[in-house]
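Just so it is clear, none of the values below were taken in a lab; they were calculated from the coordinates. Predicted model only: the values in this text are computed from it and were never measured. Counting neighbours? That spans all protein chains shown, and the Cβs are built from the backbone with ideal geometry, glycine included.
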Amino acid sequence: MLVEVLIAQMKVLLIGIENLDKAIKDRYQSQADKRIFDSFPGAGAQLAPRLLVAFGVNRDRYDIADEVQKYVGVAPVIEQSGQKKWVHWRYSCPTFLRQTFVEWAGLSIRYSFWAKAYYDQQISKGKPHNTVIRALAFKWIRIAFRCWKNNTSYDETTYLNALKKRGSPLLKFMVSE
């Protein structure tokens, strides 16, 4: 009898989840900034709405990308006492937002040339996978922030040209592969 009750509850829950998913999709489709978040490599139908919610529609909410990085918990915390210094991630942050950016960074490796090169470069230096993904999320927030603030879609070619202009060592790594 307990199993029958749980199955009935599960059916109601699944219907509720389906209705919520549809409402989220419908609301996302009507957002003016949709094109910005759809342009991010690897964001897709699941993460693009979550990224839009993370930034919001009020462009005065954040002045610099650093504020977003700290709020979502991707920016590392550096503590120091005397001669000792240590780095850790933020404990007090909306973990679902942090998870959103970390998941997106992980997926972007498949769809972004520079993100894959950055990942490979850091792994070749002996950095652990999770550390590299968090560092990549840190970089993506800066890019996403600029796109959001300027109301422009992401363009991989524009970013690669910016790396070239700055003489980024990442480009040297991409060429040597």
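Checking the table 34/172; 85/165; 139/165 against a 28 Å threshold on Cα-Cα, which pairs fail? The pairs that break the limit, which is 28 Å between Cα atoms, are 34/172; 85/165. In plain terms, the chain is cut at each of the trypsin sites (Lys or Arg not before Pro) found in a DSSP loop with at most 14 other Cβ atoms within 10 Å, and the longest leftover piece is 62-124.
Here the chain is assigned +1 on the Cβ of each Lys and Arg and -1 on the Cβ of each Asp and Glu. Its dipole about the Cα centre then comes out at about 640 debye. From least to most packed, judged by other beta carbons within 10 angstrom and beginning with the fewest, 39, 124, 112 follow the order 124, 39, 112. For the chain, the mean residue ellipticity at 222 nm estimated from helices alone is -22500 deg cm²/dmol, where every DSSP H run of n ≥ 4 contributes -39500 (n - 2.57) and the total is divided by all residues, rounded to the nearest 500.
Derived scalar couplings between HN and Hα for segment 87-94 equal 10, 8, 8, 6, 8, 9, 6, x Hz in order, rounded to whole Hz, by the Karplus curve 6.51 cos²θ - 1.76 cosθ + 1.60 (θ = phi - 60°), x for Gly and Pro. A Gaussian network model of the chain, with springs between Cα atoms under 10 Å, assigns the largest mean-square fluctuation among 87, 53, 102 to 87. Taking amide hydrogens as placed 1.01 Å from N in the peptide plane, the amide H of residue 77 sits under 5 Å from those of 88, 89, 90, each at least 5 positions away in sequence or on another chain.
Each residue of segment 67-81 was assigned a 3J(HN,Hα) from its phi angle through the Karplus curve 6.51 cos²θ - 1.76 cosθ + 1.60 (θ = phi - 60°); the sequence is 5, 5, 4, 6, 4, 7, x, 8, 5, x, 9, 10, 10, 8, 9 Hz, with glycine and proline shown as x.
Between the amide H of residue 39 and those of 154, distances stay under 5 Å, these residues lying 5 or more places away or on another chain, with hydrogens modeled in the peptide plane. The convex hull built on the alpha-carbon positions of segment 1-82 has an orientation-averaged projected area of 10.2 nm². The share of alpha-carbon pairs in the chain lying farther apart than 26 Å comes to 41%. What the Cα convex hull of segment 88-137 gives, in volume per residue, is 63 Å³.
Annotation for segment 130-160 versus segment 89-123: alpha-carbon center distance of 10 Å.
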